[in-house]
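Following: one structure in structure tokens, then a few remarks.
The values are calculated or read from the model by the stated rules, or taken from the named source; none is laboratory data. In this text, all values refer to a predicted model and were calculated from it rather than measured experimentally. Heads up, the Cβs are rebuilt from the backbone with ideal geometry, glycines too, and the neighbour counts pull from every protein chain shown. Heads up: the accessible areas ignore ligands, DNA and RNA and are worked out on the full protein's heavy atoms, side chains in. Shrake-Rupley method; radii C 1.70, N 1.55, O 1.52, S 1.80 Å.
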Amino acid sequence: MQIIQGDCLEVLKTLPDQSVQTIVTSPPYYGLRDYGTAKWEGGDSECDHTINNPDADNKAVFSERVTRGNRQACIRCGAIRIDSQIGLEPTPDEYVAKLVAVFRECKRILRDDGTLWVNIGDSFAGSGCGTNDYRTEKSRSINKSDVMFSKRPPQQKELPGCKPKDLIGIPWMLAFALRADGWYLRQDIIWCLSGGAFVYVKTQKGVMPMMVKDMARLDPSTVKLWNGDKWTQLLGVSKSERKGDELEIVLRSGERISCTPSHKFPTARGLLTASELTAGDILRSTTLPDVDNPRDCVLDEDAAWFAGLYIAEGSRQHGCIQIAGHSKEIERWERCNHIAKKFGGYATLTVDGNNQAIRIYGKVLNAILDELVSGTYASDKCFATVTWRYSNKFIASMLDGYLSGDGHWEAENNRWRLGFTRNYNLERDLRTACARLGYRLILN
């Protein structure tokens, strides 16, 4: 294998005609980020083109620049910023023209039976997530392109043909421009999940599982998705009309995913479209990350265990928390009694034949359930959304409490078996908890 590194356009010019059969690429999206490769020409060679911003609370060092036409200049010394990186062009038209020039060289080196695969994203006009869709006077931008501060709200500059909040249409612009340049447009492949599919997101309220249709209502700039290695910024969500060819994928974890036939899944056989999947295919999985700054309060692992047990076996009436069980479950009673006293309440035990009834009283204990449990009945009780803001250790204790109620440990198979009333919310939470903790779940 040979790896060639360099400016794409310059390197492509060194390759011979019709020497490549397949090109797969994901060029930088328009206005997404600054890769820090720009240089400064002219001005004061001793100037670092930065000043301290006295208005910023964190006293960070900011780059201060003004725009001169389509180029930027340091306001301290007048040096001109020279930037050739793709994605930071002043307008979408210039961005597309730059890509067309690159792909023209790709066409030269591509064999007659070759194909070009381009993964290209879109963004919204005036969204502020890019660097070129608006400008502000007296703006001060930190040396990371996806963070911008200003003394007043940005005055949005409309892109040609676009109103603020319009989807720019970069993929279509590029596709039509390449076709006009001699390429044959063979297929658009949109990776689309149904609105009812759950994804794991990081928002301003923390991390949580969320339906795609709910995520679509949020400002994309406030949402990140886990890609298996790191949190990545959501660029946007668009709605597609159903065509009637959608597929439903049922996983062994019980998850049902409705998607387009072209939606791609990473599998042990490689990246496959939904239409190519067959029974027995193993999808690649990832362990969801622990939270960076877990919720830190008086609630501890005992509180988590108690909430999990309540989801499995509990009910409430007039402030009385009732836990049902078998008369032989003495350890359960002892732990519930300990937890009740620990949080300022008390517990009673009633045994009738093989039946055990634990009754627990206390305002704090009820508040714990209000915090950590959603739902009322066996058909809808589940983990409260705030649970996912706690640490993996906390979630493991909550899952342990749940399994202490509904689960049965099989030592010979090193697994838990459990059964519960059909509860889609609980299914979702068990899958999420297992993904956070690195457990394997089979749910029928």
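If you place +1 on the Cβ of every Lys and Arg, -1 on the Cβ of every Asp and Glu, and leave all else neutral, what size is the dipole of the range 203-293 about its Cα centre, to the nearest 20 Debye?
Roughly 100 debye for the range 203-293.
Please find the FRET efficiency linking D181 to Q21, where r is the Cβ-Cβ separation and R0 is fixed at 22 Å, and quote it to the nearest 0.05.
Working from the Cβ atoms, E equals 0.60.
About its Cα centre, how strong a charge dipole does the range 258-350 have in debye, to the nearest 20, once Lys and Arg get +1 and Asp and Glu get -1 at the Cβ?
200 debye
In what order, largest first, do R428, R256 sit by accessible area if the probe radius is 1.4 Å?
R256, R428
I'd like to check one number: the per residue accessible area of the range 238-289, probe 1.4 Å, reported in Å² as a whole number.
68 Å²
Collect residues whose amide H, placed 1.01 Å from N in the peptide plane, falls under 5 Å from the amide H of V373; neighbours closer than 5 in sequence don't count.
The answer is A384.
Under a 5 Å amide H to amide H cut-off, with H placed in plane at 1.01 Å, what residues pair with Q356 once short-range neighbours are removed?
Hits under the 5 Å cutoff: G325, H326, S327.
I'd like to check one number: the per residue accessible area of the range 319-444, probe 1.4 Å, reported in Å² as a whole number.
Result: 53 Å² per residue.
If a/c stays under 1.5 just call it rounded; otherwise compare a/b with b/c (prolate if a/b is bigger, oblate if not). Do that for the range 303-351, with a ≥ b ≥ c from the square roots of the Cα gyration tensor eigenvalues.
rounded
Along the charge dipole of the chain, Cβ charges K/R +1 and D/E -1, which of N414, M210, H318 sits furthest on the positive end?
Farthest along the dipole direction, towards plus: H318.
Would you work out what percent of the accessible area of the range 347-444, with all protein chains in place, is carbon or sulfur (probe 1.4 Å)?
For the range 347-444, the apolar C and S fraction of the accessible surface comes to 45 percent.
In whole percent, how big is the carbon plus sulfur part of the accessible area of the range 228-326, probe 1.4 Å, protein atoms only?
Accessible surface attributable to carbon and sulfur in the range 228-326 totals 47 percent.
Taking the dipole about the Cα centre of the chain, with the C-beta of Lys and Arg at +1 and of Asp and Glu at -1, give me whichever of L399, W226, A73 is farthest to the positive side.
It is A73, whose Cα lies furthest towards the positive end.
Give the residue list of chymotrypsin sites (Phe, Trp or Tyr not before Pro) in the range 354-412 that are DSSP loop and have at most 14 other beta-carbon atoms within 10 angstrom.
Y377
Over the range 1-45, with the other protein chains present, what is the accessible area per residue in square angstrom, probe 1.4 angstrom?
77 Å²
If you average the sequence gap of Cα pairs under 8 Å that are 6 or more apart and divide by the length of the chain, what percent do you get for the contact order?
Once normalised by length, the contact order is 11 percent.
Take every Cα-Cα pair in the chain and report what % of them are more than 29 Å apart.
62 percent
Using only DSSP helix segments of four residues or longer, with each worth -39500 (n - 2.57), what per-residue ellipticity at 222 nm results for the chain after dividing by its residue count and rounding to 500?
The helix-only estimate for the chain comes to -7000 deg cm²/dmol at 222 nm.
Shape of the range 330-420 from its Cα gyration tensor (a ≥ b ≥ c, root eigenvalues): rounded if a/c is under 1.5, otherwise prolate when a/b > b/c, or oblate?
Here the range 330-420 falls in the oblate category.
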